[in-house]
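The values are calculated or read from the model by the stated rules, or taken from the named source; none is laboratory data. Note that the structure is predicted; figures quoted are calculated from it, not measured. No Cβ is skipped: glycine too gets one built from the backbone with ideal geometry, and neighbour counts run over all protein chains shown.
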Amino acid sequence: MISISMETGQRNIGIYVCTGCGIGDTIDIEKLKNQVTARNISVNFKEHPFFCSKEGCELIHRDIATQQVDHIIIAACSPRVNQDVFNFPDEILEWVNFREQLSWCMKAKDEDTQLLAEDMIRMSIAKVNSISSPQPYIKDNLSSGILVVGGGISGLTSALEAAKAGYTVYLVEKENKLGGWASKWKYLFPEELPFDKPKLTEIIDEKIRKLEKYKNIHIFLESTLESVSGEPGQFTISIRNKQSNKQIVTGAIILAAGWKPYDASKLEEYSFGQSGKIMTQIEFEEILNEEKNNVEIDLKKINNIVFIQCAGSRDEKHLPYCSNTCCPTTLKQAWQLRHMNKDANVYIIYKDLRTPGKTEFFYQELQKDEQIFFTKGDLRQIDTSDKNLSIIVDNTLLGESIKINTDLIVLATGMTPSDSSELNLTYRQGKGLPDLKYGFPDSHFICFPYETRRTGIYSAGCIRAPQTIQMCIEDSTGAALKAIQCIESTKRGESVHPRSGDKSYPVLYLPRCTDCKRCTEECPFGAYDENEKGTPLPNPARCRRCGICMGSCPERIISFEDYSIHSVSSMIKALNIPDVFEEKPRILVFLCENDAYPAFDMAGLKRLGYSPFIRIIPVRCIGSVNQVWLSDALSHGYDGILQIGCKPGEDYQCHFITGSELTKTRGENIQETLRTMMLEPERIRTEFLEITEYERIPDIINDYLQTIEKIGPNPFKGM
Amino acid sequence: MDKKQDTYTNNQTPILIIGGGIAGLTAAVEAAETGYRVILIEKQPYLGGRVAQLNRYFPKMCPPYCGLEINFRRIRTNPRITVYISTTVTNISGEPGNFSVTLLTEPQYINNKCTSCGECVKVCPVERPDEFNQGMTTTRTAYLPHELAYPFRYVIDHQKCKGVSCGLCLDACDYQAINLSATETKKVVKAGTIILTTGWKPYDPMNLQDLGYGKSPDIITGMMMERLGAPNGPTHGQILRLSDNEIPKKIAFIQCAGSRDENNLPYCSGVCCSATLKQAMHYVEQNPEGEATIFYIDLRVTGRNEDFLSKIIDHPRINLIKSKVATVQMSSDKHTINLDYEDILSGLKQKSAFDMVILATGIIPENIDPIKISADDFGFAKSEHLPDGFYSAGCLNKPADVASSIKESTGITLKALRTAGFKP
């Protein structure tokens, strides 16, 4: 436990400077020590040539035991290197990057490098003096239950997998039975060996049978969600069915509400609606499985059938994307038809035949059937004029256009997501999940496919992307783990990805809140609700701890115990700003710790040199930078401020979704600050850096310094 | 150095994960953050596997380092994860809940006192082929695996090192981190369940003689192209011909090189189309006059990635030709590469000349001893058919893209946690 003396507010600080890795050759440690201890008499300042060694760590442990050091500053290599070696969970620990961001990239034994080192230490002292160890947010009566919305293959899978792990599951399905789309079909295309024929849909029945055996799965049929409120650990849910409303509380939610077929009535160019013999893949499925009695069409007697792939898909006018499943489904349907009708000729017209991975084998099987004709081609027209149906296809593999007379045309249409607003979230930011593209609430992160914009709510299956059954099963099993992980992390008072394990959370000083609603609107995760006046109602368990709310607040009422308006302002003001005549500009650099900070470390690894006039403050997200820090820096005499964040835009790399984008939109307010202070717009610049762009760093810095040189020093210096 | 364990996990028998690529990393962090102890084993001296070698991910064109950095941070800060690098498994005995696993760690000539100061490299006299750059460059025998290596420490290739007879690095190291007489070490650990995430290797292009591999250094594989495009690659990210360091003006990608082919790999590896589209786009954006031609059978870009394909189709300097390439030959000038192919749409046989040819080869699973993995004819494992207590994920199961492998691995982790006895 941190002991801050109640009488003196004294914190026992130990500063440990490693002189290894060239640090001792780059700066004058004795001089540094004198500078630091002159201002901070009670500080323990120790040096060692090899702090990450056993002896080095023991030295620090001894100080903790005998000198009651409880605030440790380690000035050595980057915090990214030895975080596991310097493990002091009971003390406040702050790193100063004396290697990657000093000795590896600055001139040795140089006056400006020395001043940089001194300032870095001053900033770290200011920081440890202004933060405290976060006390986690753990409410009473947290739930380990999981709500699963949707009883198709994805919902069934998530429910089973979570229940098997011992979690209580509430499965809500709006139809009067479980199984979703797949239970309406007789066959599924094979996704594993052998690939000689489709598989029966026993998989669905099997899952339903297993499910019904679990006492910890509660099934609600013909039910919908009236409302969902709360936060991970305590989602309050109202389930409605014909008879009644039921209230439950769960710890996490899995949205597996599935998909709908694309509205074929929009497919005029495919003559849909003009003939009973032109139908969608889904409609054909019903006839194939003899669910509907179609008097007009006897599949056992037809001669010719045409399947048109990508009908309204990969098409700007309809669905621009590919639905993944239509090619293998057509193959399955072709197989089924050929097996019930040995004389039928099948024509499959495609743009690309997409059977990736092992489904390729199923394609190879069907290619052996001489009565199935595959061709790439562009549909020119469908003729429904006389009794005979025909199509004309151009650019075929035969090298010419062909006309096909047919008894039936099946249009392989695409999948569209169900509406996530059926969740009826009472969140201030809306009822559903924000979607990524084309209406699908998917994650934009290749590496973190379960990264959702609503903490504790995971989308799985075809609602989040058109997927095959096998993909849905994998996806929803993973979603079950993420839901469980969220529940367990919440019980520990910890954040989930990307700041996994973070126990801090935003604390608001509401008496000064002006209800401006910036935090409630700008939080990428909808962590804040609002009351009628517009005052934010925080839900800390929804929070990802990025600090974007802290950055957005004009009244500066939001802070974290270990990352606050005050702690960063103190760091900014801890510097000695040289006066104008020394011609040593000072550039404050806010570095996002996700991509930009590691890029700076790699620049150090490569020994890329850059100016010693910069002063770096790492931030959790560039979107967490509050305007007051900018005005503090400028009024304190910094000549320029560089904000370096992760790439924004359509292919954003910002780990908190909108953080870097917000820096762009807040630009206007930033310019206003500068105008009020009668300062040039160049005094604040924003750059975006990818993690591999370390080679750009010297140019970014030197370029900015040249700009500052042109406009001259900050007139506020020395005031 | 051991990280302090949090007490409530002390009674857990860890989950052992064999393979530290993206699927293994995911299993490790996901299990640990749920609240369970894991041991992650990796045969290379660094984590990240093959994704660390990729330049960009499709379709976001984002660098894999970005996600790896977060995963490494999650590992560094989680006391429930123990990592063994340069380690393989030589024996597994016991039963679910109580496996005894023998780990064999390669001789660690550089130990964990290494501070990555880099002084040893400066004096090392011996070179070795750099597998990270697909053999296109060399490193010294003391080397840092790559810029974002985790663990961040140098390695000595004990097979190439001359040992104590040389010993120049011993004087260069201030931290007593080098021992050139170190031997391999064995350790037995207990595991509750085992997850196999040993990944894949590229299909050997030497099997593709018709496609010219080996005839010229400018006929390369997709993974080599990936390294050429990477800023930390052999050519600092500039696509260059390996024969003469010139910028190629016309490049060809041959899809399904040895895939969808009864004589080689009959299945489709799923990701090579996307990889080629990404590499083609990278090349034409880097070279305003360069032209890329893609010879394909079917363009397999699925789901919402279709819009990336649209950008390619509309691009004036990228040609898409549905075709089967018959042969790849060197021309008499020993510089130009000639392709003979049948253009399927016109039915005509054609010939075209290029400066560089990239073979998009497929994925084969990396099966390991000593476990007899229940695998199909191609070596792919099936998690459900493995012995009790064993699970598998990632490209060991099937060729898959990164996001799919991660989703699958996350789900498999749940199954492993259950078997290991994890409860709410």
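Do we find that A:Ser495 is polar (S, T, N, Q), within 14 Å of chain B (Cβ to nearest Cβ) and assigned to a loop (DSSP other than H, G, I, E, B) in this structure? Here the answer is yes, as A:Ser495 does meet what is asked.
Here the condition is being touching a Phe, Trp or Tyr at 6+ places or on another chain (Cβ under 9 Å) and closer than 24 Å to A:Ile463 by Cα; of A:Trp185, A:Trp259, it holds for A:Trp259 alone.
B:Glu289 satisfies every condition listed in (1) charged (D, E, K, R); (2) in a loop (DSSP other than H, G, I, E, B); (3) over 17 Å from A:Leu353 (Cβ atoms); (4) without any contact (Cβ under 8 Å) to a residue 40 or more places away in the chain except (4). In the condition set (1) touching a residue at least 12 places away in the same chain (Cβ under 8 Å); (2) small (Gly, Ala, Ser); (3) closer than 19 Å to A:Ala126 by Cβ, A:Ala38 is compliant with all but (1).
Here's the yes/no breakdown for (1) buried (at least 21 other Cβ atoms within 10 Å of the Cβ); (2) away from chain A (no Cβ under 11 Å); (3) not basic (Lys, Arg):
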{"residue": "B:Asp244", "(1), (2), (3)": "no, yes, yes"}
{"residue": "B:Ile247", "(1), (2), (3)": "no, yes, yes"}
{"residue": "B:Phe253", "(1), (2), (3)": "yes, yes, yes"}
{"residue": "B:Ser259", "(1), (2), (3)": "yes, no, yes"}
{"residue": "B:Pro266", "(1), (2), (3)": "no, no, yes"}
{"residue": "B:Ser269", "(1), (2), (3)": "yes, no, yes"}
{"residue": "B:Thr276", "(1), (2), (3)": "yes, yes, yes"}
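When A:Asn388, A:Asn395 are checked against the criterion of being without any contact (Cβ under 8 Å) to a residue 40 or more places away in the chain, farther than 30 Å from B:Leu348 by Cβ and in the same structural domain as A:Met279 (by TED's automatic domain parsing), A:Asn388 stands alone in meeting it.
Of the residues A:Lys358, A:Lys317, A:Lys300, only one is more than 14 Å from chain B (Cβ to nearest Cβ) and either assigned to a loop (DSSP other than H, G, I, E, B) or buried (at least 16 other Cβ atoms within 10 Å of the Cβ) (or both); which?
A:Lys300
Could you list all residues from region A:679-706 that are of a type outside the set (Asp, Glu), in contact with a helix residue (DSSP H, G or I) (Cβ under 7 Å, 6 or more places away or on another chain) and surrounded by 15 or more Cβ atoms within 10 Å (Cβ to Cβ)? A:Leu679, A:Arg683, A:Ile684, A:Arg685, A:Thr686, A:Phe688, A:Leu689, A:Ile691, A:Thr692, A:Tyr694, A:Ile697 - these are the residues of region A:679-706 that are of a type outside the set (Asp, Glu), in contact with a helix residue (DSSP H, G or I) (Cβ under 7 Å, 6 or more places away or on another chain) and surrounded by 15 or more Cβ atoms within 10 Å (Cβ to Cβ). Of the numbered criteria (1) under 30 Å from B:Gly229 (Cβ atoms); (2) in contact with a His (Cβ under 9 Å, 6 or more places away or on another chain), the one B:Glu33 fails is (1). Which of the residues belonging to region A:89-146 are basic (Lys, Arg), in contact with a strand residue (DSSP E or B) (Cβ under 7 Å, 6 or more places away or on another chain) and more than 30 Å from A:Thr168 (Cα to Cα)? Listed by number, the residues that qualify are A:Arg99, A:Lys127.
What about B:Val284, is it in a strand (DSSP E or B) and not assigned by TED's automatic domain parsing to the domain that holds B:Pro399?
The answer is no for B:Val284.
Kindly evaluate B:Ala353 against the criterion of being surrounded by fewer than 20 Cβ atoms within 10 Å (Cβ to Cβ), at pLDDT 90 or above and either of a type in the set (Gly, Ala, Ser) or touching a Pro at 6+ places or on another chain (Cβ under 7 Å) (or both). Considered against the rule, which asks whether it is surrounded by fewer than 20 Cβ atoms within 10 Å (Cβ to Cβ), at pLDDT 90 or above and either of a type in the set (Gly, Ala, Ser) or touching a Pro at 6+ places or on another chain (Cβ under 7 Å) (or both), B:Ala353 comes out as yes.
A single member of A:Pro585, A:Pro540 is in contact (Cβ under 8 Å) with a residue 40 or more places away in the chain and farther than 30 Å from A:Val228 by Cα, and it is A:Pro585. When only residues in region A:504-517 that are surrounded by 19 or more Cβ atoms within 10 Å (Cβ to Cβ) and not hydrophobic (A, V, I, L, M, F, W, C) count, which is nearest to the other protein chains (Cβ to nearest Cβ)? This residue is A:Ser504.
For region B:42-63, a residue qualifies if it is in a helix (DSSP H, G or I) and free of Cβ contacts under 8 Å to residues at least 60 places away in the same chain, but none of them does. Checking each residue in region A:447-474 for being assigned to a helix (DSSP H, G or I) and either more than 9 Å from chain B (Cβ to nearest Cβ) or touching a strand residue (DSSP E or B) at 6+ places or on another chain (Cβ under 6 Å) (or both) picks out A:Gly461, A:Cys462, A:Ile463, A:Ile469, A:Gln470, A:Cys472. Selection over region A:430-443 of residues that are within 23 Å of A:Leu319 (Cβ to Cβ), over 17 Å from the mean Cα position of the chain (by Cα) and among the charged types (D, E, K, R) gives a count of 0.
Taken together, B:Phe390, B:Phe380 contain a single residue that is away from every other protein chain (no Cβ under 14 Å), under 15 Å from B:Gly19 (Cβ atoms) and surrounded by 22 or more Cβ atoms within 10 Å (Cβ to Cβ), which is B:Phe390.
Given the condition in a strand (DSSP E or B), aromatic (Phe, Trp, Tyr) and within 30 Å of B:Ile39 (Cβ to Cβ), answer yes or no: does some residue in region B:208-222 qualify? No - not one qualifying residue is present in region B:208-222. If you filter region A:444-491 down to residues that are under 12 Å from the mean Cα position of the chain (by Cα) and hydroxyl-bearing (Ser, Thr, Tyr), you find that the one that is farthest from A:Gly430 (Cα to Cα) is A:Tyr450.
Sort out which residues of region B:116-143 are of a type in the set (A, V, I, L, M), free of Cβ contacts under 8 Å to residues at least 60 places away in the same chain and farther than 18 Å from B:Ala177 by Cβ, and write them in order of number. Listed by number, the list holds a single entry, B:Val126. Listed by first and then second residue, the pairs with beta-carbon distance under 7 Å, at least 6 apart or on different chains, first residue in region A:74-93 and under 19 Å from A:Glu55 (Cβ atoms), second of a type in the set (Ser, Thr, Tyr) and not in a loop (DSSP other than H, G, I, E, B), are A:Ile74/A:Tyr16; A:Ala75/A:Tyr16.
Please specify each residue of region A:611-629 satisfying the condition of being assigned to a helix (DSSP H, G or I), crowded, with 24+ Cβ neighbours inside 10 Å and among the aliphatic types (A, V, I, L, M). Within region A:611-629, just A:Ile622 meets the criteria. If you filter region B:292-348 down to residues that are acidic (Asp, Glu) and part of a strand (DSSP E or B), you find that the one that is nearest to the other protein chains (Cβ to nearest Cβ) is B:Asp343. The criterion of at least 3 residues that are within 28 Å of the chain's Cα centre (by Cα) and buried (at least 18 other Cβ atoms within 10 Å of the Cβ) is met by the following strands (runs of 3 or more DSSP E) wholly inside region A:158-276: A:169-172, A:223-231, A:234-241, A:252-255. Residues in region A:294-328 that are under 16 Å from A:Phe373 (Cα atoms) and either out of contact with any strand residue (DSSP E or B) (no Cβ under 8 Å at 6 or more places or on another chain) or of a type in the set (Asp, Glu) (or both): A:Pro328 only. Quick one: is A:Leu398 among the hydrophobic types (A, V, I, L, M, F, W, C), assigned to a loop (DSSP other than H, G, I, E, B) and at pLDDT 95 or above? No, not satisfied.
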